[in-house]
Amino acid sequence: MKVQTGGKKFFGKAMLAGAALVGLLAFGAVPRASADNDDACQRRVARADHKLHEAAERHGWNSKQADHARHELREARERCWNERHRWWDEDGHRWHSDRDWDDHDHDRH
């Protein structure tokens, strides 16, 4: 009988340890995923911002190429906002927690 009771205790401890490990893995991955999303968001906005500057330099601020790049930048900001409820300001090098961007903020350069 002692062997059977010892087996039940071992099985219970193994299940508890397994559950703890699963919990650590599940909750330990969440901050990394969030950081990855922020990095991807930041890169998308930075790339769109850079393309807008390139289009403006090559074709002028009022060109159809600059308008298209402005549209792409707005979409990148919108995507960040929809996913993270914040957006990256490449020129200010900071995150904004308000949806306060101006689609023509680069026209003043």
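The values are calculated or read from the model by the stated rules, or taken from the named source; none is laboratory data. Since the model is a prediction, treat every value here as computed from it, not as a measurement. In this analysis, Cβ positions are derived from the backbone assuming ideal geometry, glycine residues included, and neighbour counts consider all displayed protein chains. Calculation scope for accessible area: heavy atoms of the full protein, side chains included, ligands and nucleic acids excluded. Shrake-Rupley method; radii C 1.70, N 1.55, O 1.52, S 1.80 Å.
Is the stretch 93-109 home to any residue that is part of a helix (DSSP H, G or I) and modelled with pLDDT of 90 or more?
No, the conditions are met nowhere in the stretch 93-109.
Listed here are the residues, each with its yes/no results for (1) modelled with pLDDT of 95 or more; (2) assigned to a helix (DSSP H, G or I); (3) buried (at least 16 other Cβ atoms within 10 Å of the Cβ).
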residue	(1), (2), (3)
Phe10	no, yes, no
Met15	no, yes, no
Ala29	no, yes, no
Ser34	no, yes, no
Asp39	no, yes, no
Ala55	yes, yes, yes
Leu73	yes, yes, yes
Trp81	no, yes, yes
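Between a residue in the stretch 86-103 that is closer than 19 Å to Ala40 by Cα and open to solvent by less than 50 Å² (accessible area, probe 1.4 Å) and any residue that is in a loop (DSSP other than H, G, I, E, B) and of a type outside the set (Phe, Trp, Tyr), which pairs come within a Cβ distance under 7 Å, given they are 6 or more apart or on different chains?
His96/Arg86
Could you figure out which of (1) within 16 Å of Ala40 (Cβ to Cβ); (2) not in a helix (DSSP H, G or I) isn't true of Trp61?
The single condition Trp61 does not satisfy is (1).
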